[in-house]
Amino acid sequence: MPLVDMQKIVKIYASGENEVRALDGIDLAIEAGEFLAVMGPSGSGKSTLMNILGCLDRPTEGTYRLDGVDVSRMSANQRAEIRNSRLGFVYQNFNLLSRTTALENVELPLIYGQAPMSVRERRARAREIIHRVGLDGREKHTPAQLSGGQQQRVAIARALITDPPVILADEPTGNLDTRTSQDVMGIFERLNDEGKTVIIITHEHDIAEHARRAVTFRDGKIVQDGPVERRRRTQEAHP
Amino acid sequence: MTGLQRVGSIVWIGLRAILRHKMRSTLTVLGIVFGVGCVIVMVAIGAGAAKSIESSIAAMGSNFIMIFPGAVTQSGARIHTGQSTLTEEDAEAIKAECPSVAYVSPSSRIAAQVVAGEQNWGTQIQGAGVEWPFIRAWNVSEGSFFTEGDVKGAAKVAVLGKTVADALFPQGGAVGQTVRIKNVPFRVVGVLEAKGGSQVGQDQDDTIVAPYTTVLKRLEGRNRLGAILVAAADPALVPQAMSEMESLLRQRRRLQPGQDNDFMMRSQEEIAAFANQSAGTISMLLGWAALISLIVGGIGVMNIMLVSVTERTREIGVRMAVGAKGRDVLSQFLIEAIVLSLVGGALGIGGGILVSRMIAENAGWPVVVTPGSIAMAFGTAALIGIVFGFYPAWKASKLDPIEALRYE
């Protein structure tokens, strides 16, 4: 059974009298451990797909099973729990809380988690993850005191703290320079190597090349789905 | 995460948000501080006024009766002639013919500036008869009260209240000195003992007592009385004394049955009831004024919380994206509002008590801070936090995480 199993997903936005079919009958299966790039021009429906994949939104029609559980008809609270425990998010603009330390940003999902955990445990776990993304010594820095690449590492650490099986990244390198982009993509590659399922939205081909499989959207439909010719050029830089 | 830890974390988040926006939080808290402070001070003043009225009326003695001039009725129309209906002869008749009455003193009051040497002082001149000290249970501590002869001869003699004596003769030795009241020289024959208890913002010792004849003739230039002060022979005889005086005065005025009295009578009990009622009205008015300022403070809290929610839309989106539920966001903002209100409440109570003390010391007003008013102010502050914090918090909890994340 695939980890992500979407069948005949339709998403319609009503704007005035017109309705926009942002997604028009999407069938998508993603196995555990895949590294998927979702490509397509703006307005093609890839962001809508991301919101549904991330349980931030519900499809108008169709079913979406995550790890065998139908999440497409869940209530807002149930979806909040799924987002907390099963999914990790990374955004183009990082979406870190300002005036809040890296450590506290990373801890954030644990505050809303279901498993009992003391403040001390939370701290320890956050430190460990910060170490994993290579930000030792920056625990007390606020986002304003960090570079873009460092902020994105904090965001990745936050996505990892509840140890979710799926990491969703929406244009994660869109605000980063080329060098830093490669570093960040290196982290995603490593996570994928460690067994995480990574799904990245991007419109840049050289970013998509880090993935193993690419799905291309146009006008709410999948127009292309196949393996990526892999270059994995950052692997040496980040052993 | 256990329920307690979860609540703890959310309280902590709220506190952090408050500390992060110090200026804004301070201004919000200030609104509540003033509101709660107002409630404390206003209620304290009201309660203090009620208490001092109570004690000063109790000091009149329970056998005290006061007769005031009333309206004159002519041909069925109630008219005010501007001239009092009470005369010296009325007072004499009461003394002579009412067996339940022990003491009678004609009375007339006038405000005047008093000069003695370099000093001068504005006060109340009270015209009285020789029985006045027995009616008011108020004796002289120096010298003596004026005599029957002084009253008959309209002698220019005066007995000073303690406050007036201290103001005009700071070195003491007032007795035997001369004071000028409206340019008329008066010889000081005595000083009253300090009464201490003060009326609403008014010092009872700030007075001068002189023969009523002198006050009427030399200072006021009239011959009618402002009032007649009476003491019944016994507190139990007050109703009887009142009915004796009423029929006597009606008879003296040849009032027919069915015609209204042209005078009014009030016993100490009635005066007390009336005074308590007006003190209650004052307290209530002050309380309402204070409550309104609290509500204004509450609207301030709501305003700031709405701004805060809008400003932190993105933060709310982030929290929701990583798993915060509507109720988590709701409690976070509600706690913030309640903490702001309670901090404001606590500071307001402290400030209110301080201001009440300052008023008591500097203005000499009686103020009474009751535990009840403190509890009420604190409870109201908490309630304001909940009531005015709820809408912004609810609004925050209903945000769509996708929209919130996109918010610039």
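7 Å from Cα along Cα→Cβ at both residue B:184 and residue B:97: what's the point-to-point distance in nm?
Modelled inter-label distance: 3.0 nm.
If you place +1 on the Cβ of every Lys and Arg and -1 on the Cβ of every Asp and Glu, how big does the dipole about the Cα centre of region A:1-65 come out, in debye to the nearest 20? Before the final figure, lay out the partial values.
Values: 6 positive and 9 negative charges, 16 e Å.
Approximately 80 debye in magnitude.
Quick one: which of B:51/B:182; B:95/B:217; A:11/B:325 span more than 26 angstrom between C-alpha atoms?
From B:51/B:182; B:95/B:217; A:11/B:325, over 26 Å: B:51/B:182.
Translational diffusion coefficient, Stokes-Einstein: compute it for chain B using the Kirkwood radius over C-alpha pairs as Rh, at 4 °C and 1.567 mPa s, and state it as an integer in µm² s⁻¹.
For these conditions, the coefficient is 50 µm²/s.
Please average, across the residues of A:109-119, the number of beta carbons from any other chain that are within 10 Å of each residue's own beta carbon, and give a whole number.
Mean partner shielding for this stretch: 5.
Per residue of B:322-331, what is the mean number of Cβ atoms on other protein chains within 10 angstrom of that residue's Cβ?
Values: counts 18, 18, 7, 9, 3, 2, 4, 1, 0, 0.
Across B:322-331, the average partner-chain Cβ count within 10 Å equals 6.
Mind jotting down the three principal axis lengths of region B:145-252 based on Cα atoms? Whole angstrom, largest first.
Answer, in whole Å and largest first: 50, 32, 25 Å.
Before rounding to the nearest 500, sum -39500 (n - 2.57) across all DSSP H runs of length at least 4 in chain A and divide by the residue total; then give [θ] at 222 nm in deg cm²/dmol.
Working: 7 runs with 76 residues, N = 239.
Theoretical 222 nm ellipticity from helices: -9500 deg cm²/dmol.
Defining a contact as two alpha carbons under 8 Å apart and six or more residues distant in sequence, what relative contact order in percent does chain A show?
Averaging sequence separation for qualifying contacts and normalising by length gives 27 percent for chain A.
How would you classify region A:1-148 from its alpha-carbon gyration tensor, with a ≥ b ≥ c the square roots of the eigenvalues: rounded for a/c under 1.5, else prolate if a/b is greater than b/c, otherwise oblate?
prolate
I'd like the distance separating the alpha-carbon centroids of region A:36-98 and region B:260-320, in whole Å.
Going from one Cα centre to the other spans 50 Å.
Using a 7 Å offset from the Cα along the Cα-to-Cβ direction at both residue B:311 and residue B:363, what is the distance between the two label points in nm, to one decimal?
The modelled label-to-label distance comes out at 3.6 nm.
Starting from 0.36 nm per residue, how many nanometres of slack lie between residue A:58 and residue A:29 once their C-alpha separation is accounted for?
Gain on stretching residue A:58 to residue A:29: 8.7 nm.
How high is the relative contact order of region A:43-177? Use alpha-carbon pairs under 8 Å, at least six apart in sequence, and give a whole percent. Numbers along the way, then the final one.
On the way: 179 pairs, mean separation 46.4, N = 135.
Computed value for region A:43-177: 34 percent relative contact order.
Based on the Cβ-Cβ distance from residue B:111 to residue B:243, what FRET efficiency comes out when R0 is 41 Å, to the nearest 0.05?
0.75
How large is the Kirkwood hydrodynamic radius of the protein assembly as shown, counting all unique pairs of alpha carbons, in Å?
32.1
Loop sites only, by DSSP: take the GluC sites (Glu not before Pro) in chain A that have at most 10 other C-beta atoms within 10 Å and name the longest stretch containing none of them.
A:18-193
Could you tally the net charge around residue B:275, taking each other residue with its Cβ under 13 Å from the Cβ of residue B:275, Lys/Arg +1 and Asp/Glu -1?
Net local charge, residue B:275 excluded: -1.
Restrict the search to region B:344-408; then list the chymotrypsin sites (Phe, Trp or Tyr not before Pro) that DSSP places in a loop and that have at most 10 other Cβ atoms within 10 Å of their Cβ. Can you show the working numbers first?
Working: sites: B:378, B:388, B:390, B:394, B:407; in loops: B:407.
Listed in order of number, the matching sites amount to none.
Determine, for B:266, B:312, the number of other Cβ atoms within 10 Å of each Cβ, and report the residues in order from fewest to most.
Going from least to most buried by this count: B:266, B:312.
For chain B, calculate the relative contact order in percent as a whole number, restricting contacts to Cα pairs under 8 Å that are 6 or more residues apart.
30
Count the DSSP beta bridges whose two residues both fall in the protein assembly as shown, then state the antiparallel fraction as a percent rounded to the nearest 5.
On the way: 62 of 89 bridges.
In the protein assembly as shown, DSSP labels about 70 percent of beta bridges as antiparallel.
What residues of region A:25-50 lie in the reach of a label at residue A:205, counting those whose backbone N is under 15 Å from a point 7 Å from the Cα along Cα→Cβ?
It comes to A:39-41, nothing else.
Hey, with R₀ at 30 Å, roughly what FRET efficiency would residue B:391 and residue B:277 work out to, going by the Cβ-Cβ distance, to 0.05?
After rounding, the FRET efficiency stands at 0.15.
Net charge near residue A:172, counting Lys/Arg +1 and Asp/Glu -1 over other residues with Cβ under 13 Å of its Cβ?
With Lys, Arg at +1 and Asp, Glu at -1, the neighbours total -3.
Calculate how many DSSP beta bridges within chain A are antiparallel, expressed in % of all such bridges and rounded to the nearest 5.
If I count the DSSP bridges inside chain A, around 55 percent turn out antiparallel.
Taking 51 Å as R0, compute the FRET efficiency from the Cβ-Cβ separation of residue B:134 and residue B:354 and round it to 0.05.
Here the calculated transfer efficiency is 0.70.
What do you get for GluC sites (Glu not before Pro) in region B:117-159 restricted to DSSP loop and a cutoff of at most 14 other Cβ within 10 Å of the site's Cβ?
B:118
What is the mean number of Cβ atoms from other protein chains located within 10 Å of the Cβ atom of each residue in peptide A:92-102, rounded to a whole number?
The mean count of partner-chain Cβ atoms within 10 Å per residue comes to 3.
Can you compute the modelled spin-label distance between residue B:4 and residue B:270, with each label point 7 Å from Cα toward Cβ, in nm?
For the pair residue B:4/residue B:270, the computed spacing is 6.6 nm.
Show the residues, 5+ positions off or on another chain, whose built amide H is closer than 5 Å to the amide H of residue B:114.
For residue B:114, whose amide H was placed from the backbone, the distant partners under 5 Å are B:121, B:122, B:123.
Each value in this text was obtained by applying a stated rule to the coordinates, not by laboratory testing. Note that the structure is a prediction, hence the values are computed from the model and not measured. With ideal geometry, Cβ positions are generated from the backbone for all residues, glycine too; neighbour counts draw on all protein chains shown.
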